[in-house]
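Have a look at the structure below, then the notes.
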Amino acid sequence: MTPARTDSERVELANTALYEAMERGDTAAMDRLWLNEPGADVSCVHPGWPVLRGRSEVLRSYALIMASTDYIQFFLTDVEVSVNGDTALVTCTENILSGGPAENEGELGPLVGQLVVATNVFRRSGDEWKVWSHHGSPVLAGREDDEDDAPGAEGDGAGPAEPTV
């Protein structure tokens with residue numbers, strides 16, 4: 001693999017490292033990836049969670065998630081990187097595959113898929129790009145008959161049906 005040459009490439013590598021650390025359950029790597037500068041509080045919104053503020057609170061949340069997740073894998077799509085000076089923005093879709101609770105000890109539970117759209121903000125810290133903020137929002141999947149309720153579609157005109165989860 002050739003080394004990253006541009007800031008955009010470096011930011012994309014830092015973004016990938018964030019998800020790889022999560023997949024491995026590597027709390028030490030997660031600690032190294034998040035910004036740790038005086039006065040630069042980090043923040044995080046996991047899907048369905050309130051805003052977490054402060055480095056210790058954010059890292060604690062990742063440690064809790066990783067400790068309670070037997071298996072997780074991220075397939076990132078729609079990755080867009082924008083760099084402006086010492087700040088960078090990455091938007092992407094997290095296609096998540098995770099293991100649900102196992103019925104029997106020593107077995108992997110059923111695999112569950114989920115889509116999350118994410119925004120990751122990075123700041124340059126020395127020669128490295130560090131995560132400053134993460135925000136993940138779930139993509140709600142609708143029923144197959146939602147197409148009939150789409151705006152402009154024929155149907156009852158009541159709009160989209162309640163999403164199913």
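The values are calculated or read from the model by the stated rules, or taken from the named source; none is laboratory data. Fair warning: this is a prediction, and the values are worked out from it, not measured in the lab. In this analysis, Cβ positions are derived from the backbone assuming ideal geometry, glycine residues included, and neighbour counts consider all displayed protein chains. Surface accessibility is based on the protein's heavy atoms, side chains included, excluding ligands, DNA and RNA. Shrake-Rupley method; radii C 1.70, N 1.55, O 1.52, S 1.80 Å.
Once all protein chains are placed together, THR77 keeps about 60 Å² accessible to a 1.4 angstrom probe.
Ligands, DNA and RNA excluded, the heavy atoms of ILE72 present near 30 Å² of accessible surface to a 1.4 Å solvent probe.
With all protein chains in place and ligands, DNA and RNA left out, the 1.4 Å accessible area ranks GLU80, GLU94 as GLU80, GLU94, largest first.
Net charge of the neighbourhood of PRO3, taken over other residues with C-beta under 14 Å away and scored Lys/Arg +1, Asp/Glu -1, is -3. Remark: the GLU107-LEU13 segment gains 30.5 nm on full extension, using 0.36 nm per residue and subtracting the alpha carbon distance.
Distance between the modelled labels on PHE75 and ALA63, one decimal in nanometres: 3.3 nm (7 Å Cα→Cβ projection).
The residues VAL117, VAL131, sorted by heavy-atom accessible surface at 1.4 Å with ligands and nucleic acids left out, run VAL117, VAL131 from largest to smallest.
With R₀ set to 35 Å, the beta-carbon distance separating THR27 from LEU140 gives a calculated FRET efficiency near 0.70.
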